[in-house]
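The values are calculated or read from the model by the stated rules, or taken from the named source; none is laboratory data. The model shown is predicted, which means the values in this text are computed figures rather than measured ones. Neighbour counts are summed over all protein chains in view; Cβ atoms, including those assigned to glycine, are modelled from backbone coordinates with ideal geometry. With ligands, DNA and RNA removed, areas are computed over all heavy atoms of the protein, side chains included. Shrake-Rupley method; radii C 1.70, N 1.55, O 1.52, S 1.80 Å.
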Amino acid sequence: MTDPIRPRRSVLYVPGSNARALEKAKSLAADALILDLEDSVAPDAKDEARELVRKAVSAGGYGAKEVVIRANAPGTEWGLADIGMAATSGANALLIPKVSTPADLEAVRQLLARTGSAPALALWAMIETPLAVLEAGRIAAAARHTSYPLEVLVLGTNDLAKETRAALLPGRQPMLAWLSITVAAGRAHGLDTIDGVYNAFQDLDGFRTECEQGRTLGMDGKTVIHPGQIGVANEIFSPTPQEIAAAEKIVAAFERPENAGKGAISIDGRMVERLHRDMALQVLAIRTAIERIGDSGSSNR
């Protein structure tokens with residue numbers, strides 16, 4: 001749904017109760033930040049965290065980064081206040097936890113409408129319950145809405161493991177079907193899908209392997225829990241020089257006058273169809289989007 005394409009290679013969770021982390025996040029190379037009021041904040045710090053996040057977003061300084069606020073669920077004692085604050089904070093999006101059915105999205109939209117917030121505020125949805133996986137297609141189909149459009153699905157793999165009792169194993173074999181279902185639901189309705197976190201934040205080799213798996217499955221990026229993971233996620237979810245060169249070659253070939261109107265052509269002894277041209281254009285659009293936001297490569301500055 002997002003137009004133009006917005007890179008979401010690395011999406012950093014930032015504890016809303018940590019003023020130092022909120023400030024440091026401004027200088028990090030993450031494409032997007034999730035300022036978290038839910039899991040990373042203790043119950044007795046929820047109100048203070050909400051105010052810290054409000055002040056941080058209002059003060060600005062996050063540059064081209066996409067700023068997202070994760071509220072507590074509407075049914076909790078903090079949810080309504082969180083949603084009300086996020087609605088008027090100036091954040092780019094509101095991340096809703098425990099979205100299990102389209103009705104959960106609609107309930108939040110109704111709450112937002114009562115705040116008088118701009119209907120262009122985007123919604124992100126956590127897919128972190130068994131029912132959410134089973135309902136992923138219907139949740140994604142609810143994206144097309146005249147106000148508060150859903151733009152991103154975020155996998156909560158830790159919660160999925162908890163709720164299903166599936167093991168958190170290297171390679172994530174127990175979860176592969178759920179990950180692919182979520183990607184398919186997102187793609188069917190024009191949404192980005194962001195992979196879940198990798199808990200062993202000092203194991204960058206394992207993190208790299210899981211990022212590569214996520215990209216292979218079709219994910220757009222990875223949620224990260226430590227600044228040291230940002231560079232790897234940015235690298236893996238960016239088109240490689242080889243992919244860019246191949247995409248440019250395909251697009252250029254189809255633009256030649258002799259290939260006008262052809263459904264398939266031969267390039268270097270390989271049959272290439274117009275669907276491959278469309279895929280190549282997507283690669284180049286992602287490259288352009290990364291350049292537009294000022295890519296900082298694999299460093300964390």
Qualifying position, being part of a helix (DSSP H, G or I) and open to solvent by 20 Å² or more (accessible area, probe 1.4 Å), among 39, 82, 47: 47
Conditions (1) in contact with a Gly (Cβ under 9 Å, 6 or more places away or on another chain); (2) touching a residue at least 40 places away in the same chain (Cβ under 8 Å); (3) not small (Gly, Ala, Ser); number of the one not met by residue 273: (2)
Qualifying residue in segment 105-124 (condition: in contact with a strand residue (DSSP E or B) (Cβ under 9 Å, 6 or more places away or on another chain) and closer than 24 Å to residue 29 by Cβ): yes
Options 15, 74, 43, 4; residue that is modelled with pLDDT under 95 and over 20 Å from residue 191 (Cβ atoms): 74
Subset of segment 214-231 [assigned to a helix (DSSP H, G or I) and either among the hydroxyl-bearing types (Ser, Thr, Tyr) or under 18 Å from residue 289 (Cα atoms) (or both)]: 215, 216, 230, 231
Checklist (1) open to solvent by 50 Å² or more (accessible area, probe 1.4 Å); (2) assigned to a helix (DSSP H, G or I); (3) among the aliphatic types (A, V, I, L, M); (4) farther than 25 Å from residue 66 by Cβ applied to residue 271, failing item: (2)
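Determine if segment 29-36 includes at least one residue that is within 27 Å of residue 287 (Cβ to Cβ), open to solvent by 30 Å² or more (accessible area, probe 1.4 Å) and touching a Pro at 6+ places or on another chain (Cβ under 8 Å).
No.
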Any strands (runs of 3 or more DSSP E) falling wholly within segment 86-203 and containing at least 1 residues that are more than 17 Å from residue 38 (Cβ to Cβ) and open to solvent by 20 Å² or more (accessible area, probe 1.4 Å): 150-155, 192-195
Those residues of segment 193-227 which are of a type outside the set (S, T, N, Q), touching a Leu at 6+ places or on another chain (Cβ under 7 Å) and farther than 13 Å from residue 10 by Cβ, in sequence order: 196, 217
Hits in segment 253-263 - residues which are outside any loop (DSSP other than H, G, I, E, B) and exposed (fewer than 13 other Cβ atoms within 10 Å of the Cβ): 255, 257, 258
Selection within segment 204-252 - open to solvent by 20 Å² or more (accessible area, probe 1.4 Å) and within 26 Å of residue 98 (Cβ to Cβ): 210, 213, 217, 218, 220, 225, 226
Residue count for segment 207-254, restricted to those that are over 15 Å from the mean Cα position of the chain (by Cα) and small (Gly, Ala, Ser): 7
Only one of 292, 277 that is open to solvent by less than 80 Å² (accessible area, probe 1.4 Å), among the charged types (D, E, K, R) and part of a helix (DSSP H, G or I): 277
